[in-house]
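Below is one structure, written out as structure tokens, with a few remarks after it.
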Amino acid sequence: MENQKKIRVGIIGAGSAGLFAANELGKELGNIIEIKIFEAGPPIDKRICPQNMEYECAQCDPCRIMSGVGGAGAWSSGILNLNKNIGGDLDKLCSRININADDLINEIDRYFVKNGAPNQVFDPRRNKDQLKALKRKCAAVDIRFIPIKQRLLGSKNTPKVIKNIRKHLESEYDIKIHPNMRVLSFDKNRTLYFEKAKKETFDYLLVAPGRWGMMWLAEQCETHGIKTYYKALDIGVRIEVPSIIMEEICEQIQRDPKFHIITPTYNDFIRTFCVNHKGYVVKENYEENIVGVNGHQISIDGESENSNFAFLIRQKLTRPLEDTTKYGRSISLQTSILGGYKPLVQTLGDLKNGHRSRLSLIKRNPVQPTLKDATPGDIAMAYPYRFITDILEGLEILDKVIPGVNNKSTLIYAPEFKRSAKRIETNKYLESKKINNIFFAGDGAGLSRGIIAAAVTGKIAAKGIISKIQTH
Ligand SMILES: Cc1cc2nc3c(=O)[nH]c(=O)nc-3n(C[C@H](O)[C@H](O)[C@H](O)COP(=O)(O)OP(=O)(O)OC[C@H]3O[C@@H](n4cnc5c(N)ncnc54)[C@H](O)[C@@H]3O)c2cc1C
């Protein structure tokens with residue numbers, strides 16, 4: 001077929017959603033379509049880390065803020081959560097189009113392996129007796145433990161895997177990936193607008209700009225009258241403990257153990273998230289004047305003596321304030337102001353006793369902070385009573401499964417705030433209900449939270465495009 005007669009698909013964002021959608025389209029439709037991916041950030045080997053740590057960074061602001069080919073996960077340690085209950089409503093999304101979510105996840109996983117992901121899988125079911133003992137302990141105190149199979153790409157390997165995927169898409173299906181091409185806007189005729197008055201029109205659009213582009217996407221939806229919905233807020237703290245107390249769970253059962261708890265007083269849902277065994281707490285700049293914390297497994301200093309994890313409360317809001325991001329920002333801003341625009345750190349003992357932590361006492365604390373650039377203070381001055389109650393109750397319960405987590409010396413950092421993109425109204429194939437032939441996928445559309453989940457949504461949208469093309 002002549003080039004100009006090909007059906008043209010434009011994809012915004014070369015993250016997990018965009019790349020996996022492109023692969024599905026290329027695989028199924030071969031040379032009847034022409035696919036272009038536009039990515040605001042640079043190609044993976046052209047990113048410049050000011051700390052000059054090549055691919056090992058992900059800790060400094062430019063590396064975190066600026067995505068690029070491979071998306072947000074490109075700088076991460078690349079944990080692939082191979083479970084349909086993690087990262088979104090994958091079962092529901094897949095069953096609506098009569099697809100088995102497990103099969104789709106396995107297909108995505110195989111593609112990662114084909115492109116250089118390590119063969120080793122961490123599966124909690126390997127150690128049946130230990131898993132059973134852990135589940136028994138959890139059940140006794142009303143904790144839900146989610147066993148998940150995980151594959152670890154590793155921070156060094158992740159960029160190589162992304163490069164291989166890019167090479168495969170370009171060589172096998174002639175897909176064109178354009179880094180440093182930020183889409184300024186799109187319209188209902190599926191025209192993309194770029195800098196210097198450039199524009200290009202496509203038959204189908206897939207919009208997958210990730211969290212980096214979620215605000216932009218929400219604005220675009222508003223312009224075009226596409227309905228969006230606020231999602232629940234994930235806010236909490238980062239907990240740091242001696243790694244020895246998490247060793248058995250993290251090294252023998254699950255690297256990133258997921259514990260779900262309902263707190264007694266408020267009936268709130270609180271969970272462990274992003275466990276970094278022998279890792280580091282890192283500072284994040286959410287935006288100007290708002291700092292936060294996150295965790296990372298890697299550093300030039302090697303393994304630390306501590307483990308850290310996010311302890312996050314999920315909170316829905318109803319009228320008059322439905323904007324969960326606004327609420328989360330205001331708590332984070334208050335915390336940042338109190339910390340002199342640095343995150344706050346406090347010992348659990350001080351939080352329980354109602355006084356601020358001080359540097360002299362932190363220096364004597366048995367658990368030494370891996371994040372030095374934090375201000376010892378009082379998190380209770382910044383966080384609502386309800387959330388502090390949830391955190392204290394949650395730690396008390398978790399201590400029955402991880403003894404030591406509720407010690408006085410446990411360190412607590414704040415704010416830790418995971419902003420959610422607004423969920424965009426779509427049909428079952430993730431096509432806009434308002435504008436035909438514009439599809440959405442990934443974290444930026446509020447459909448996923450994670451590399452695998454974003455890939456699943458990219459593939460669902462691609463299947464929608466394929467089905468439309470094949471029935472026309
Ligand atoms: C530090 C860090 C560590 C993480 N670790 C893990 C992990 O171990 N495991 C896991 O499952 N998840 C992890 N995540 C989350 C995971 O990276 C995301 O869930 C996933 O990448 C989402 O994929 P996506 O395609 O929706 O968006 P993204 O990967 O964010 O990709 C979207 C792309 O779109 C581009 N873009 C945005 N707007 C525009 C525009 N207007 N024009 C052109 N391009 C645009 C962005 O530059 C970006 O590259 C991590 C995230 C971070 C930040």
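Structure notes:
- Criterion applied to 85, 81 was being among the polar types (S, T, N, Q), modelled with pLDDT of 85 or more and within 11 Å of the ligand (Cβ to nearest atom), and the one residue passing it is 81.
- Test: residue in the stretch 307-325 that is buried (at least 23 other Cβ atoms within 10 Å of the Cβ), within 16 Å of the ligand (Cβ to nearest atom) and more than 18 Å from residue 407 (Cα to Cα): yes
- Condition check for residue 255: charged (D, E, K, R), closer than 17 Å to residue 297 by Cβ and either within 18 Å of the chain's Cα centre (by Cα) or buried (at least 21 other Cβ atoms within 10 Å of the Cβ) (or both): yes
- Scanning the stretch 259-280 for residues being at pLDDT below 95 and closer than 15 Å to residue 405 by Cβ gives a total of 4.
- Within the stretch 88-105, the set of residues being within 16 Å of the ligand (Cβ to nearest atom) and open to solvent by 40 Å² or more (accessible area, probe 1.4 Å) comprises just one member, 89.
- Cβ separations smaller than 7 Å between residues 6+ apart or across chains give the following pairs from the stretch 392-413 residues that are of a type in the set (S, T, N, Q) to residues that are open to solvent by 50 Å² or more (accessible area, probe 1.4 Å): 406/396; 409/366.
- Matching entry among 246, 215 (being without any contact (Cβ under 8 Å) to a residue 24 or more places away in the chain and not charged (D, E, K, R)): 215
- Of all residues in the stretch 360-381, at least one satisfies being assigned to a strand (DSSP E or B) and either more than 30 Å from residue 202 (Cα to Cα) or among the hydrophobic types (A, V, I, L, M, F, W, C) (or both).
- Of the residues 226, 177, the single one that is touching a Lys or Arg at 6+ places or on another chain (Cβ under 7 Å) and more than 15 Å from the ligand (Cβ to nearest atom) is 226.
- Residue 273 satisfies every condition listed in (1) closer than 22 Å to residue 39 by Cβ; (2) within 15 Å of the ligand (Cβ to nearest atom); (3) of a type in the set (Phe, Trp, Tyr) except (1).
- Verdict on residue 467 being out of contact with any helix residue (DSSP H, G or I) (no Cβ under 9 Å at 6 or more places or on another chain), more than 10 Å from the ligand (Cβ to nearest atom) and not in a strand (DSSP E or B): yes
- Subset of the stretch 402-420 [more than 17 Å from residue 378 (Cα to Cα) and either surrounded by 24 or more Cβ atoms within 10 Å (Cβ to Cβ) or of a type in the set (A, V, I, L, M, F, W, C) (or both)]: 402, 405, 417
- Residues that are of a type outside the set (A, V, I, L, M, F, W, C) and open to solvent by less than 60 Å² (accessible area, probe 1.4 Å) within the stretch 374-388 comprise 375, 376, 377, 378, 383, 384, listed in sequence order.
- Across the stretch 24-42, the number of residues qualifying as surrounded by 24 or more Cβ atoms within 10 Å (Cβ to Cβ) and more than 9 Å from the ligand (Cβ to nearest atom) comes to 2.
Residue-by-condition table, conditions (1) farther than 28 Å from residue 25 by Cα; (2) among the aromatic types (Phe, Trp, Tyr); (3) within 10 Å of the ligand (Cβ to nearest atom); (4) modelled with pLDDT of 95 or more:
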{"site": "124", "(1), (2), (3), (4)": "yes, no, no, no"}
{"site": "140", "(1), (2), (3), (4)": "yes, no, no, yes"}
{"site": "147", "(1), (2), (3), (4)": "yes, no, no, no"}
{"site": "157", "(1), (2), (3), (4)": "no, no, no, no"}
{"site": "160", "(1), (2), (3), (4)": "no, no, no, no"}
{"site": "190", "(1), (2), (3), (4)": "no, no, no, yes"}
{"site": "194", "(1), (2), (3), (4)": "no, yes, yes, yes"}
{"site": "210", "(1), (2), (3), (4)": "no, no, yes, no"}
{"site": "230", "(1), (2), (3), (4)": "yes, yes, no, no"}
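- Scanning the stretch 426-446 for residues that are in a loop (DSSP other than H, G, I, E, B) and near the ligand (Cβ under 8 Å from one of its atoms) gives 441, 442.
- Criterion (within 27 Å of residue 259 (Cα to Cα), open to solvent by 20 Å² or more (accessible area, probe 1.4 Å) and out of contact with any helix residue (DSSP H, G or I) (no Cβ under 8 Å at 6 or more places or on another chain)) met by exactly one of 121, 113: 121
- Filter pass, residue 420 being closer than 30 Å to residue 95 by Cβ, part of a loop (DSSP other than H, G, I, E, B) and among the polar types (S, T, N, Q): yes
The values are calculated or read from the model by the stated rules, or taken from the named source; none is laboratory data. Only a predicted model underlies this, so the values are computations on that prediction, with no experimental measurement involved. Positions of Cβ are backbone-derived with ideal geometry, glycine not excepted, and every protein chain shown enters the neighbour counts. Surface accessibility is based on the protein's heavy atoms, side chains included, excluding ligands, DNA and RNA. Shrake-Rupley method; radii C 1.70, N 1.55, O 1.52, S 1.80 Å.
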